[in-house]
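Chemist: Let me give you the structure first, and then I'll get to my questions.
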Amino acid sequence: MSLVAIVGRPNVGKSTLFNRLVGMRQAIVDDTAGVTRDRHYGKCEWCGTEFSVVDTGGYTTNSDDVFEKEIRRQVKIAIEEADVILFLVEAATGITDYDSEIADVLRRSKKPVVLCVNKVDTGEKIFDTYQFYGLGLGEVWSISAANGSGTGDLLDEIVKLLPEETEEDDSHADIPRIAIVGKPNVGKSSLTNALLGEDRNIVTSVAGTTRDSISSYYNKFGHEFMLVDTAGIRRKSKVHEDLEFYSVMRSIRAIEHSDVCILMIDATSGMEAQDMNIFNVIQKNRKGCVIVVNKWDLFVKDNNTMKEYTEALRARIAPFDDVPIIFTSVHKMQRIMDVLNAAALVADNYRQKITTAKLNEVMLPIIEETPPPAWKGKYIKVKYITQLPTRFPAFAFFCNLPQYIKEPYKRFLENKLRENFNLTGCPIQIFCRQK
């Protein structure tokens, strides 16, 4: 999936534009410069094209020299990783030294740049935008991120510049991609090394040793897939180093380009808020998932500890709780093969295609026995079901009144699909279509 980075000096409206593009109030917006000190990541969909957006945030420090240095570093990281750079400036203030500094870096890059003038709320302010042609970045787009004017034309231009999605041109393009993700220092690189049987990645007790996503071809014990060890995804407020910001962006992209994610958590700290954030990114991207509870040897146990821990974990991740949970100690090489087998099983489930005949044979009697609730005296009749040709399991239920099938009944259908077909570890999407 393509990545668009919003860059610019503080207080030009980057967070407001980010919220506008992703369609939710995710980033804090304030008139004070430098409110966004962390980085926000979200999805934008325009005219059938979906892409990721990252709000790079501004910096506020006491020293102007440090400020200028940091803003250059931030822009350089965005240039290196993003497919399109959205450079935001402000109409009223005109071209500042920082704008010129950023434009100077962008002109030297080979990435497509969209120069966007924000806070053009009235017709008179259009005249303030022409000076920005002096930055030498080509066409200038006038918008108001606050009220949305001009953002449609801006999105048309962004979509036009996005690279075409192509399959990876290598000999392993058709085999499943399994990404090992989690917070820093939970044992991701140790697990990769244990599975590969060699010290492929550097392992230290220092959190954040792995800076990049490292792919390895795995072909042992009857399993074949690409194994991707990612950098730890730390809570946004803890991401300070520019190199670590780059690593987090690469980890999120590794999730987007994988089929199955092995989410590693620390047994001693449990499923924390940041683990849930990573789980939500996996779920949002419709990827298969296996949860690995590492460092189980350090956890104080009694007779029912594993059962109670599993139940608590499933309650935490509900409603998508049909996920394999494996307890390991990578350090002591305990249950490593169970992780491998669970990942392979989820990868098979993720890619399986269920025939329309089989789906209808199993699901129609269930629906007939428990039909959708009538709505305003109208009865809903499901005619047939088919699996859609998507990368993840998605099913279309064709009926006479699809608009009256509500979320609780869709949840019932999902549960019945899971009961009758092996879909463990896979997110399911259900669409109701007019017949």
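Chemist: What figure in square angstrom, to the nearest 10, would you give for the accessible area of residue 296 with a 1.4 Å probe?
Modeler: Near enough 10 Å² of accessible area.
Chemist: Oh, and also: Using alpha carbons only, how many angstrom separate the centre of the stretch 97-143 from the centre of the stretch 265-319?
Modeler: Spelled out, the Cα-based centre of one part sits 46 Å from the other.
Chemist: Rounded to a whole number of µm²/s, how large is the Stokes-Einstein D of the stretch 96-148 at 10 °C and 1.306 mPa s, given Rh as the Kirkwood radius over C-alpha pairs?
Modeler: After rounding, the answer is 133 µm²/s.
Chemist: Using Cα positions and a limit of under 22 Å, work out the lysines in reach of residue 406, with same-chain residues fewer than 8 apart set aside.
Modeler: Of all the lysines, those that pass the test against residue 406 - Cα under 22 Å, at least 8 places apart if same chain - are 284, 376, 378, 381, 383, 416, 435.
Chemist: Sorting 276, 337 by accessible area (1.4 Å probe), largest first, what list results?
Modeler: Accessible-area ranking of 276, 337, largest first: 337, 276.
Chemist: Right, something else. Under a 1.4 angstrom probe, counting protein chains only, how are 43, 76, 220 ranked by accessible area, largest first?
Modeler: Largest accessible area first, the list is 76, 220, 43.
Chemist: Turning to a different aspect of this structure: Accessible area of residue 305, 1.4 Å probe, to the nearest 10 Å²?
Modeler: Approximately 20 Å² for this residue.
Chemist: Rounded to a whole number, what % of the accessible area of the stretch 295-435 do carbon and sulfur atoms account for, probe 1.4 Å?
Modeler: About 54 percent, which is the carbon plus sulfur part of the accessible surface.
Chemist: Taking only protein heavy atoms into account and a 1.4 Å probe, give the accessible area per residue of the stretch 299-435 in Å².
Modeler: Roughly 55 Å² per residue, with all protein chains present.
Chemist: Which of the trypsin sites (Lys or Arg not before Pro) across the stretch 101-165 are loop residues per DSSP, with 10 or fewer other Cβ within 10 Å?
Modeler: Passing both the DSSP loop test and the Cβ count: 110.
Chemist: Would you rank 328, 310 by solvent-accessible area, highest first, keeping every protein chain in place and using a 1.4 Å probe?
Modeler: Of 328, 310, the descending order of accessible area is 310, 328.
The values are calculated or read from the model by the stated rules, or taken from the named source; none is laboratory data. Computed from a predicted model, the values in this text were never measured in an experiment. So basically every Cβ, Gly included, is an ideal-geometry build from the backbone, and we count neighbours across all protein chains shown. Just so you know, the surface numbers come from the protein's heavy atoms only, side chains and all, with ligands and any DNA or RNA stripped out. Shrake-Rupley method; radii C 1.70, N 1.55, O 1.52, S 1.80 Å.
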